[in-house]
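Encoded as structure tokens, the structure appears first; notes follow it.
The values are calculated or read from the model by the stated rules, or taken from the named source; none is laboratory data. Computed from a predicted model, the values in this text were never measured in an experiment. Here Cβ is always computed from backbone atoms with ideal geometry, including for glycine, and neighbour counts include all displayed protein chains.
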Amino acid sequence: MGWKDRLENTEFTITTGDGKVYKPLYQHGEVNVDYNVSVFDFISLKGSFIDRKEVKARSFPLIFWFQGDDNIDQAETFSASANDPRAWTVRHPLYGDITGQPLSLKKSDVNLNVTEINVDFWETITTDTLKKMPSVSSNVLKVKYKLAQISAVDYASKVNLKAADVSMVKENATKLDLKIGSIITSDAYADYQLKKNAMFADIDKMAENPSAAIQSINDVISVPAELSVGISSRVNLLKSLFEDAKTIFSAKNSRNNKAYFEATGAAVLSAFALALVSPIAGDYVTRKQVLYASDSLTSMYNNYVSVIDAAYIDNTDVSNSYSASAQTQINVNDLVFTTVANLGQIAFSAKQERTVYLESDSNLIVQTHKYMGLDSEDKNIETFRTINAIKNKSLFLLKKGRAITYLV
């Protein structure tokens, strides 16, 4: 539709929160758009890295008039409607229907029979949109993605790789492949093979393009995070990979190796965080389990920070000086705290444990029925048995005085 058709066929209207419709004269408008961006600067590199995400709300500086003998009354009625906190719908000939909120309103009686209204009007998302907010894992995934980009750039800015350095990285990557390959699932096998092959190919060219190699290594480290296996298997593997990342110091405590640990250690942390917020059925039954997962993450993070702190050598030792990359560490910190906060959401929906002590001898079935109820698939029996660590020899006899844990 051409601009003439828009102006001729669409009337400017404002429907305020109270449902009243106003049709003032208006001035052809303007629209402002901002983006969610983060700017990262690197001491050793020219320029900045710009990380741009979704667009923010559009804003519309609206100017319109009420005129005639009753202009003041019209403006007063409009002002009363504007005080209703519910969203407006503005139908604009140039911009269509806009759901939004006024952030400010200015009224000016410019002439005796004209009242001018200036409104700083911002488009708003609806409650239906809020219901479709990203999942907990999506929140962590966004921070993880940013960290992967930043840490690779930081790594490349610090290293001057020789053949021996590349050889050590390849040795570490081989160990990485063996461990991840041992738990890879059939549905993830093809994707893993592609990532693994890309990793070794990029390591071969690592001296020329260290950033690409670190990105590929990080991609492989991330694979266990979302495998369709129990969270304990994924967590144990990632803890092992973290310890492997530290073994690069056993060969040589060089600046290149410190940078390698800083980048790959951060990658393991980010994979660990994603694994914790990507549980499969049965991973988190109680709040205690979620809190334990949160503590495991902060424990690995504290370990990581202590290694990074120990690697520091000030600039007086020109050939060996090393300090952690500010942008990488800021994003690692952001990742950990984002994950812990999101685990809090998971914990809120998890069940709490209660403990009682048997007043007489009993058995598994009776106690399950009493505290959790029986079901046709015996899932409650298995859950009750698991949380109480009931072994085969105790299936039919739970002794008086035994602590019994149940969920509420």
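Of everything in the range 172-206 that is at pLDDT below 95 and not in a helix (DSSP H, G or I), the residue that is surrounded by the most Cβ atoms within 10 Å (Cβ to Cβ) is ILE184. Within the range 59-80, is even one residue in contact with an Asp or Glu (Cβ under 9 Å, 6 or more places away or on another chain) and either under 29 Å from ASN139 (Cβ atoms) or assigned by TED's automatic domain parsing to the domain that holds VAL159 (or both)? Yes. Pairs linking a residue in the range 338-363 that is of a type in the set (Lys, Arg) to a residue that is at pLDDT below 80, with Cβ atoms under 6 Å and 6 or more positions apart or on different chains, are LYS351/THR286; LYS351/LEU407; ARG354/TYR406; ARG354/VAL408.
Looking across the range 352-396, just one residue is among the polar types (S, T, N, Q), part of a strand (DSSP E or B) and either closer than 13 Å to LEU407 by Cα or touching a Gly at 6+ places or on another chain (Cβ under 8 Å) (or both), and that is THR355.
Report, by residue number, each residue of the range 255-290 that is assigned to a loop (DSSP other than H, G, I, E, B) and touching a residue at least 40 places away in the same chain (Cβ under 8 Å). Give the derivation first.
Keep residues of the range 255-290 that are assigned to a loop (DSSP other than H, G, I, E, B), which gives 277-285.
Correct list: VAL277, SER278, PRO279, ILE280, GLY282, ASP283, TYR284, VAL285.
When the range 186-195 is filtered for residues that are within 25 Å of the chain's Cα centre (by Cα) and not aromatic (Phe, Trp, Tyr), the ones remaining, listed by number, are ASP187, ALA188, ASP191, LYS195. Taking PRO85 as meeting all but one of (1) touching a residue at least 40 places away in the same chain (Cβ under 8 Å); (2) assigned to a strand (DSSP E or B); (3) more than 28 Å from the chain's Cα centre (by Cα); (4) exposed (fewer than 12 other Cβ atoms within 10 Å of the Cβ), write down the number of the exception. That leaves (2) as the condition not met.
Might you check whether a residue that is modelled with pLDDT of 85 or more, outside the structural domain of VAL140 (by TED's automatic domain parsing) and on the phi < 0 side of the Ramachandran plot occurs anywhere in the range 370-390? Checking the range 370-390: at least one residue is modelled with pLDDT of 85 or more, outside the structural domain of VAL140 (by TED's automatic domain parsing) and on the phi < 0 side of the Ramachandran plot.
Residues in the range 310-323 that are in contact (Cβ under 8 Å) with a residue 12 or more places away in the chain and surrounded by fewer than 18 Cβ atoms within 10 Å (Cβ to Cβ): TYR312, ASN320, SER321.
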